[in-house]
1. Using only the alpha-carbon atoms of segment 17-71 as identical scatterers, what base-10 log of I(q)/I(0) does the Debye formula give at q = 0.20, 0.26, 0.29 Å⁻¹?
2. How long are the semi-axes of the equivalent ellipsoid of segment 1-45, taking √(5λ) for every eigenvalue λ of the Cα gyration tensor, in whole Å from largest down?
3. Just how much of Val161 is accessible, in Å², when a 1.4 Å probe is used and the result is rounded to the nearest 10?
4. Under 16 Å between alpha carbons: how many lysine pairs meet that in the chain, if sequence neighbours fewer than 8 apart on the same chain are excluded?
5. Direction-averaged shadow area of the convex hull around the Cα atoms of segment 89-167, nm²?
6. On average over all directions, what projected area in square nanometres does the chain have, based on the convex hull of its Cα atoms?
7. Using just the helices of the chain, give the 222 nm mean residue ellipticity in deg cm²/dmol: DSSP H runs with n ≥ 4 each add -39,500 (n - 2.57), and the total is spread over all residues, rounded to 500.
8. From a point 7 Å beyond the Cα of Ala91 in the direction of its Cβ, which residues of segment 61-75 have a backbone N at a distance under 12 Å?
Amino acid sequence: MYNDYLREEFNKFFNERDDTFAVGACNGCQFLTRLGELINKKDGNDWPIFTRNQSEQYEARVCTLKVVPELVQKSIFFKGMEGAEIPIAVAHGEGRATFQDKESLKKFEDLELCPIRYVDHYGGITENFQYNPNGSPNGIAGCCSKNGRVLALMPHPERVVRLESNSTYPKDKLNEWK
């Protein structure tokens, strides 16, 4: 942010090119959201930053994310996944979406930059602990850029894409899931 050359290179990557994308999970999410003013230009300060969990503890478990149907068009990462509820690993001590003020949260929601939310076992967006491991408002699990090519999310999708990396899986699915 303080190096003019690098700032311009990041700006080109995030805003001027149309053949790039970026995904940041957990610490990568924290990194990308700190670059919000570069990624989203004038609306960058309305992205959350991710701070200490409401529980004041490191939380690790499998939670469920919902791909919000009406917001899927905002992100290249969720096309065709409208309404999907996805079990996903979380492992973080600083994952709570935090905004400068209530107006920033409202603007973030108005810009529709959160296509993924923590949900309870009924599929309802939740702030309730265990289902929402960090206390993020409105079940916010991450955010996407206005151009849809940057995704910052707290959960760890890389921990559930292969059977070998899953924290847990149903033993009776071993042959089916391979």
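1. -1.02, -1.19, -1.18
2. Three semi-axes, in Å: 16, 13, 11.
3. 110
4. So the count of such lysine pairs works out to 15.
5. Averaged projected hull area, Cα only: 6.1 nm².
6. 11.2
7. -4500 deg cm²/dmol
8. 61-62
The values are calculated or read from the model by the stated rules, or taken from the named source; none is laboratory data. Because the structure is predicted, anything quoted here is derived from the model rather than measured. A quick note on method: Cβ atoms are made from the backbone with ideal geometry, for glycine too, and the neighbour counts reach across all protein chains shown. We work out accessible area using only protein heavy atoms, side chains counted, and drop any ligands, DNA or RNA first. Shrake-Rupley method; radii C 1.70, N 1.55, O 1.52, S 1.80 Å.
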